[in-house]
Amino acid sequence: MAVSDIDLDGAERVSTGIRASGRDSIAILADVGASLEVNDMVKAVLDRFGKVDILVNNAGGTARERASWFHESREEVWDYVIGINLKGVMNCCRAVINPMMARRSGRIINIGSMVGVNGRAGMAEYCAAKAGVIGFTKALAKEVAAHGMRVVCVSPGMIETAVERRLAEARDQFIHMPPVGRIGRVGDIARFVAYLASEDGSYVTGHNIVLDGGLSLMSP
């Protein structure tokens, strides 16, 4: 298993944990927004493992402190957000697609967002990028189904990550909203992605699946 990140130390920590469980793993430094780095990353994976069975496009990020209303937004912020969230997915898929098609086997799981479906004020660039991921997933699934491949998008709602924990006020606003009575945990998403990547999920392709604890049901 290969773990890639712009933070090599973080990727190595994850990779070390995987090796401790008895599985082979390597950590690779790469920026998904840079196609040459992605191509080098996939070459390193193919050199080490000989094939790519599963691609999970989990890299992403918002404008954070540069976020603004659309009428105040800047082009460089749009380029940054779309570069990570949409172009990054495209780069990684493009790098693995031919080897997967040649083997007539492969699973691609893209991580979208609930806001790519519903939108959110003040996050137009992120919403646009994630909506693009959802549409791209559907189109790619249709293109590669005949080659024995599956492509799925998972769109989380609010998930308690290190970033979200710093947003205490936002967390307090959302924690009672989902019908399940809590915001999501990283493990909720990881386990579902593992299901989709397994043979148990072999009949699922082309869909965008929202994992939000029912939060979208609360929309007016």
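Quick notes on this structure:
- On inspection, Lys43 does not qualify as outside any helix (DSSP H, G or I) and surrounded by fewer than 16 Cβ atoms within 10 Å (Cβ to Cβ).
- A Cβ distance below 6 Å, combined with a sequence gap of six or more or placement on separate chains, defines the contacts here; from the range 23-36, residues that are of a type in the set (Asp, Glu) reach residues that are in a loop (DSSP other than H, G, I, E, B) and surrounded by fewer than 20 Cβ atoms within 10 Å (Cβ to Cβ) in the pairs Asp31/Ile6.
- Reported count of residues in the range 185-202, each being touching a residue at least 40 places away in the same chain (Cβ under 8 Å), more than 14 Å from the chain's Cα centre (by Cα) and surrounded by 12 or more Cβ atoms within 10 Å (Cβ to Cβ), is 1.
- Residues of the range 189-220 classified as hydroxyl-bearing (Ser, Thr, Tyr) and part of a helix (DSSP H, G or I), total: 2
- Matching residues in the range 97-128 - criterion: being touching a Phe, Trp or Tyr at 6+ places or on another chain (Cβ under 9 Å) and either farther than 17 Å from Glu75 by Cα or surrounded by 16 or more Cβ atoms within 10 Å (Cβ to Cβ) (or both): Asn110, Ser113, Val115, Gly116, Arg120, Ala121, Ala124, Glu125, Ala128
- Lone qualifier among Lys43, Lys87 - being under 21 Å from Gly119 (Cβ atoms) and of a type in the set (Lys, Arg): Lys87
- Within the option set Met100, Met114, being touching a helix residue (DSSP H, G or I) at 6+ places or on another chain (Cβ under 9 Å) and at pLDDT below 95 holds for one residue only, Met114.
- Any hit, the range 154-167, residues being modelled with pLDDT of 90 or more and either farther than 15 Å from Arg120 by Cβ or assigned to a helix (DSSP H, G or I) (or both): yes
- Residues in the range 203-220 that are at pLDDT 90 or above and either within 19 Å of the chain's Cα centre (by Cα) or surrounded by 16 or more Cβ atoms within 10 Å (Cβ to Cβ) (or both): Val204, Thr205, Gly206, His207, Asn208, Ile209, Val210, Leu211, Asp212, Gly213.
- Subset of the range 7-22 (residues that are touching a residue at least 12 places away in the same chain (Cβ under 8 Å) and among the hydrophobic types (A, V, I, L, M, F, W, C)): Leu8, Ala11, Val14, Ile18
- When the range 117-153 is filtered for residues that are closer than 19 Å to Met100 by Cβ, of a type in the set (Gly, Ala, Ser) and assigned to a helix (DSSP H, G or I), the ones remaining, listed by number, are Ala139, Ala141, Ala145, Ala146.
The values are calculated or read from the model by the stated rules, or taken from the named source; none is laboratory data. Being a predicted model, the structure only gives us computed values, none of them experimental. Note that we place each Cβ from the backbone using ideal geometry, even for glycine, and neighbour counts take in every protein chain shown.
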